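Chemist: Take a look at this one; I'll ask things after.
The values are calculated or read from the model by the stated rules, or taken from the named source; none is laboratory data. All figures in this text were calculated on a predicted structure; none of them were measured in a lab. Note: ideal-geometry Cβ built from the backbone for every residue, glycine included; neighbour counts use all protein chains shown. Protein only, heavy atoms only, side chains kept; ligands, DNA and RNA dropped before computing areas. Shrake-Rupley method; radii C 1.70, N 1.55, O 1.52, S 1.80 Å.
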Amino acid sequence: MPILSTTYKPKFIFRNGHISTIYSGLLRKVDGITQKRERITLPDNDFLDLDWSYAKQKTNKLLIVLHGLEGNAQRHYMLGSAKLANKNNIDAVCVNFRGCSGEVNTNFQSYHSGKTDDLASVIKHITHQFNYDTIFLNGFSLGGNVILKYLGENNQIPKAVKGAVTVSVPVYLKGSLKRLMSKENYFYSNKFLKDLRYKLKEKHKLFPENINDEDLKSVKTLQDFDDIYTSRAHGFIDAFDYYKKSSSLQFLKNIKTPTLLINAQNDSFLSKECYPIEAAKENKYLHLEMPKYGGHVGFYDINNIYYSEKRMLEFIREL
């Protein structure tokens, strides 16, 4: 498909990528949405918490929303998508990845950028238990990578899954990790690392045979975390093996579900490989939009409805 043009031009202050990222992550508030929690059991007897919100009228359409690294279903970018969907007669379910719903998950493994089996379990649960015949996927950052990888690696996508919209996606994990660990992004990487180290300490309490005191002390960067925990818990050789196998970039050519990828050009988390122009040109199902502004999940717009949310609704309506 041709690369999509964009109409996004925010207020002057939000043309700064860091301002849009920080404002959207820390200051934005989305009210007026009520969620109902459902806990499902996964094939390995761990659990996932799903937070549902509903349209006013009965509908056969559903939006499944996935969050980013150390996010949850109550992050305001999640609530923004769910609220807009509900207002347009689409139910929404915001998925909390393992260990992200306020309670430590029971298994040693948790979630990561390429862990698509949990998304498959959620979709299987929904298609077996509910009567939605039209399902859309909406993922942010890490959650967007999960969706793109799921769509590209899987030849058995349920017929009910009609399309996907992904936002601010690090489709090339190694490059994005390098960007995130740069001086420019110290504020963000330090926050992520602080949260991840806290969770690692919780895992240490539950699984002292898998994580020891020396392991905890050695985690000083995000790459260290992926070397010590992510790779060990999920069957990778090391962090670079994890990045290589989990990056969705290599799977984009195989996607056969209409998909929109929105990556801002001033997103400081993304490396040059995260703008897959050639892949989009060669795959009629993959639509790529690269607004000049937006930062990382920071597409501020009027009336507290973000540009990425408006584009999500436009894209799935067109389908």
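Chemist: About its Cα centre, how strong a charge dipole does region 208-295 have in debye, to the nearest 20, once Lys and Arg get +1 and Asp and Glu get -1 at the Cβ?
Modeler: On the way: 11 positive and 14 negative charges, 135 e Å.
The dipole of region 208-295 has a size of about 640 debye.
Chemist: Taking H as built 1.01 Å from N, whose amide H comes closer than 5 Å to the amide H of Lys61, not counting residues under 5 places away?
Modeler: Distant-sequence amide H within range of Lys61: Asp91.
Chemist: Under a 10 Å cutoff between Cα atoms, tell me which one of Ile255, Ile277, Ile13 has the largest fluctuation in the Gaussian network model of the chain.
Modeler: Ile13
Chemist: Turning to a different aspect of this structure: Given N residues in region 203-243, what is its alpha carbon radius of gyration divided by 2.2 N^0.38 Å? Walk me through the numbers on the way to the answer.
Modeler: Working: Rg = 9.8 Å, N = 41, 2.2 N^0.38 = 9.0 Å.
For region 203-243, the normalised Cα radius of gyration is 1.09.
Chemist: Along the principal axes of its C-alpha atoms, what lengths does region 109-210 span, in descending order and rounded to whole Å?
Modeler: So the three principal-axis extents are 45, 35, 20 Å.
Chemist: Could I ask something else about it? Write down the accessible area per residue of the chain in Å², having rolled a 1.4 Å probe over the full set of protein chains.
Modeler: Numbers: 14870 Å² over 319 residues.
So the chain comes to 47 Å² accessible per residue, rounded to a whole number.
Chemist: So what's the gap between the Cα centers of region 186-253 and region 275-290, to the nearest angstrom?
Modeler: Taking the Cα centre of each part, region 186-253 and region 275-290 sit 30 Å apart.
Chemist: Quick one: with all protein chains in place, what share of the accessible area of region 194-319 is carbon or sulfur, to the nearest percent (1.4 Å probe)? Present the calculation step by step, with values, prior to reporting the outcome.
Modeler: Working: 3170 of 6110 Å².
The C+S portion of the solvent-accessible surface of region 194-319 is 52 percent.
Chemist: Sticking with this one: With the contact rule set at Cα under 8 Å and sequence spacing of 6 or more, what percent relative contact order holds for the chain? Could you put the intermediate results ahead of the total?
Modeler: Values: 642 pairs, mean separation 78.3, N = 319.
Result for the chain is 25 percent.
Chemist: Of the accessible area of region 96-154, with the probe set at 1.4 angstrom, what percent is carbon plus sulfur? Please list the in-between numbers first.
Modeler: Values: 770 of 1810 Å².
On region 96-154, the fraction of accessible area on carbon and sulfur atoms equals 43 percent.
Chemist: Between Val30, Gly68, Pro43, whose Cα lies farthest towards the positive end of the dipole of region 26-71 when Lys and Arg beta carbons carry +1 and Asp and Glu beta carbons carry -1, centred on the Cα centre?
Modeler: Val30
Chemist: So, one more: Pairs Lys61/Lys281; Lys194/Lys244; Lys149/Lys245: which are spaced more than 20 Å apart, C-alpha to C-alpha?
Modeler: Working: Lys61/Lys281 29 Å; Lys194/Lys244 25 Å; Lys149/Lys245 10 Å.
The answer is Lys61/Lys281; Lys194/Lys244.
Chemist: Mind checking Rg over Rh on region 1-92, alpha carbons, Kirkwood formula for Rh?
Modeler: Values: Rg = 16.3 Å, Rh = 15.6 Å.
In region 1-92, Rg relative to Rh is 1.05.
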